[in-house]
1. Six or more apart or on different chains, Cβ atoms under 9 Å: show the pairs whose first residue is in the stretch 35-56 and in contact (Cβ under 8 Å) with a residue 60 or more places away in the chain and whose second is not hydrophobic (A, V, I, L, M, F, W, C).
2. At pLDDT 75 or above and exposed (fewer than 12 other Cβ atoms within 10 Å of the Cβ): does that describe Ile39?
3. Do the conditions hold for Ile60, that is, is it in contact with a helix residue (DSSP H, G or I) (Cβ under 7 Å, 6 or more places away or on another chain) and either loosely packed, with under 10 Cβ neighbours inside 10 Å or modelled with pLDDT of 90 or more (or both)?
4. Taking the stretch 11-34, which residues are over 20 Å from His67 (Cβ atoms), among the hydrophobic types (A, V, I, L, M, F, W, C) and touching a residue at least 12 places away in the same chain (Cβ under 8 Å)?
Amino acid sequence: MKRYEIYKDIRKRAVIMGLPISLFALMMTSVIGSLLFIIFSFSLLVIISVFLFNGGLYVILTQLTKHPALLHFKKVFPTTISNKRESQLQYEKD
């Protein structure tokens with residue numbers, strides 16, 4: 001009989017339209033903001049520019065998903081914290 005492991009971290013790799021959940025939420029926020037922008041300033045140039053902006057954002061986010069090393073930054077905090085002195089100078093008198 002086969003044994004199956006329980007996979008608890010299914011949300012970590014969940015993908016919607018090729019984007020992780022956090023980037024998909026960013027994309028949907030941009031789409032809703034764009035719709036509001038179209039409603040309150042209705043013109044053909046605005047509609048075209050909003051479609052181009054959302055399309056470009058989607059392409060950029062999918063490329064960042066495929067190549068996560070593009071946004072690889074140095075770690076801010078050190079891996080270990082120590083009280084050990086860095087220098088050999090003696091400030092205290094014996």
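The values are calculated or read from the model by the stated rules, or taken from the named source; none is laboratory data. Given the structure is predicted, the values throughout are model-derived calculations rather than measurements. So basically every Cβ, Gly included, is an ideal-geometry build from the backbone, and we count neighbours across all protein chains shown.
1. Short answer, once both residue conditions are applied: none.
2. yes
3. Spelling it out, it is not the case that Ile60 is in contact with a helix residue (DSSP H, G or I) (Cβ under 7 Å, 6 or more places away or on another chain) and either loosely packed, with under 10 Cβ neighbours inside 10 Å or modelled with pLDDT of 90 or more (or both).
4. Answer for the stretch 11-34, where residues must be over 20 Å from His67 (Cβ atoms), among the hydrophobic types (A, V, I, L, M, F, W, C) and touching a residue at least 12 places away in the same chain (Cβ under 8 Å): just Val31.
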